[in-house]
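Asker: The following block contains the structure, expressed as structure tokens.
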Amino acid sequence: MNAVTAGLPTKAAKIRALDKQGFKRADIARFLGIRYQHVRNTLVRPTAAHPNSATGASKQDAFAMHPDADAFTCISVDAEGRLVLPETFRRLMKIGDDGQLIARIDEDGELRLISPRAAIDKVRRMIAENSFGTGSPVDQLIAERRAEALRDEAEALQHAARS
């Protein structure tokens, strides 16, 4: 397993590489020191959302790679501070008829603009990517703890039988 994962930058990349080599999900989880559910979610999640996917692009790169979008476009600011965004940008940013944008300044002074619709889509993607599957996380935790207790009990019985 060490040879397969050597040089891979992320846990997700390691999980996918080990899965490709035919290792079981439980073995991958133990090897990487993570939960089985993490391995499962990584393997069942659509790979198009990952930089390591077959397309080599993440959803965040979709805007930059869009055929209508220029990598850089100069936008003028008039004396009253108004910007005029090209139609292509307005369409790709999902700016509605109201023209509303959410703006913030990053630590490095970069202005970030996002439409409310794009912000909602972004949150939905984040939730979907971090989903814990079906069922209640509490029920999953209880089931995992019970399984651990059974394993510990079995190990204790084996140890007692050897003594």
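Asker: Scan the stretch 6-37 residue by residue and report those that are in a loop (DSSP other than H, G, I, E, B) and at pLDDT below 90.
Answerer: Across the stretch 6-37, the qualifying residues are A6, G7, L8, P9, T10.
Asker: Examine the stretch 151-160 for a residue that is acidic (D, E), under 30 Å from V44 (Cα atoms) and exposed (fewer than 13 other Cβ atoms within 10 Å of the Cβ), and state whether such a residue exists.
Answerer: There is at least one residue in the stretch 151-160 that is acidic (D, E), under 30 Å from V44 (Cα atoms) and exposed (fewer than 13 other Cβ atoms within 10 Å of the Cβ).
Asker: For the subset of the stretch 123-140 comprising residues that are touching a helix residue (DSSP H, G or I) at 6+ places or on another chain (Cβ under 9 Å) and either surrounded by 13 or more Cβ atoms within 10 Å (Cβ to Cβ) or among the hydrophobic types (A, V, I, L, M, F, W, C) (or both), which member is modelled with the highest pLDDT?
Answerer: Among those that are touching a helix residue (DSSP H, G or I) at 6+ places or on another chain (Cβ under 9 Å) and either surrounded by 13 or more Cβ atoms within 10 Å (Cβ to Cβ) or among the hydrophobic types (A, V, I, L, M, F, W, C) (or both), it is R125.
Asker: Just checking, does the stretch 91-103 include any residue being within 24 Å of the chain's Cα centre (by Cα) and either over 30 Å from C74 (Cβ atoms) or modelled with pLDDT of 90 or more (or both)?
Answerer: yes
Asker: Quick check: anything in the stretch 109-120 in a helix (DSSP H, G or I) and modelled with pLDDT under 85?
Answerer: Taking every residue of the stretch 109-120 in turn, none turns out to be in a helix (DSSP H, G or I) and modelled with pLDDT under 85.
Asker: Would you confirm whether any residue within the stretch 60-76 is modelled with pLDDT of 80 or more and either more than 30 Å from K20 (Cβ to Cβ) or in a loop (DSSP other than H, G, I, E, B) (or both)?
Answerer: yes
The values are calculated or read from the model by the stated rules, or taken from the named source; none is laboratory data. Just so it is clear, the model here is predicted, and its values are computed rather than measured. Neighbour counts are summed over all protein chains in view; Cβ atoms, including those assigned to glycine, are modelled from backbone coordinates with ideal geometry.
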